[in-house]
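Presented below is the structure to which this report refers.
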Amino acid sequence: MNETGSRPISVSSYRRLQFSKEIIEREFFLNKQDSLSIVPKLAKQGNTMPVSFRFSTVLAVRNFIENDLEEFLTNIDTGNYDGHLFLDPNSFQPLTAENISKIFSEITTELGWPKGKSIYSLRHKFAGDSLDNHLDAAKELGFSVNETATVLQMEREMTHRSSGSLDDYISSRKRTMQETDSFKKSLKINELESDKTRLELERQKAIESAEQKDAENQALLLEIEKLKTKLQTQ
């Protein structure tokens, strides 16, 4: 939620197939996209607006699927499992928006966070950070705050209502903002986060490979000992 601005209802509806390796490779490496657009199965008032996942966030989700979810699923009988990303470990049912909010409250209480700090604070932080990035770029370019707010409003309205007549204008403005130091700084931070996630995934894979090799060596040694014993008895 902090990385994408998703609502709890949307988080509860994500499916693991929406983050498949095939989709990730196609969008990031073949189509050269800088984010993965995911349409939640559930959203406020049936909104079908896609949510953008940065590469580092997508890698984190894949890491969760491969190292937590899939192992969990192999050890239980989920019955009519239809691919939800987040499940209740006790009932094996998909987590609801209410479940997610409750879990968040329990965790923040244990951490000693101020009371009343709801899960929506993550969504609000995302919105604030996004707006700050736009405003920083606008100030550097000499645009007015009102103009920036208008562009953001137009973009939001275009997503919901417009037939796309403003696409060129919005795209042009975004391309100009991408040349600012503010945007480049934000992009560099995202790249560093992605590199950190990649390194962690590579480290985990190396550990798993080493553990697998060790298990194979142990099995081979056991077979050798059995063979020695058999030869000695003969």
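The values are calculated or read from the model by the stated rules, or taken from the named source; none is laboratory data. All of these numbers come straight from a predicted model, not from anything done at the bench. Here the Cβ is made from the backbone with ideal geometry for all residues, glycine too, and neighbour counts use every protein chain on show.
Right, Ala60: modelled with pLDDT under 85, over 17 Å from Glu22 (Cβ atoms) and surrounded by 16 or more Cβ atoms within 10 Å (Cβ to Cβ) or not?
Values: modelled with pLDDT under 85: no; over 17 Å from Glu22 (Cβ atoms): yes; surrounded by 16 or more Cβ atoms within 10 Å (Cβ to Cβ): yes.
Considered against the rule, which asks whether it is modelled with pLDDT under 85, over 17 Å from Glu22 (Cβ atoms) and surrounded by 16 or more Cβ atoms within 10 Å (Cβ to Cβ), Ala60 comes out as no.
Matching residues to (1) modelled with pLDDT of 90 or more; (2) surrounded by fewer than 18 Cβ atoms within 10 Å (Cβ to Cβ); (3) among the small types (Gly, Ala, Ser); (4) over 11 Å from the mean Cα position of the chain (by Cα):
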{"residue": "Tyr14", "(1), (2), (3), (4)": "yes, no, no, no"}
{"residue": "Arg26", "(1), (2), (3), (4)": "yes, yes, no, yes"}
{"residue": "Gln33", "(1), (2), (3), (4)": "no, yes, no, yes"}
{"residue": "Ile38", "(1), (2), (3), (4)": "yes, no, no, no"}
{"residue": "Lys41", "(1), (2), (3), (4)": "no, yes, no, yes"}
{"residue": "Gly46", "(1), (2), (3), (4)": "no, yes, yes, yes"}
{"residue": "Val51", "(1), (2), (3), (4)": "no, no, no, no"}
{"residue": "Ser56", "(1), (2), (3), (4)": "no, no, yes, no"}
_Candidates Ser52, Ser13, Ser91 - the one that is free of Cβ contacts under 8 Å to residues at least 12 places away in the same chain and hydroxyl-bearing (Ser, Thr, Tyr)_ = Ser91
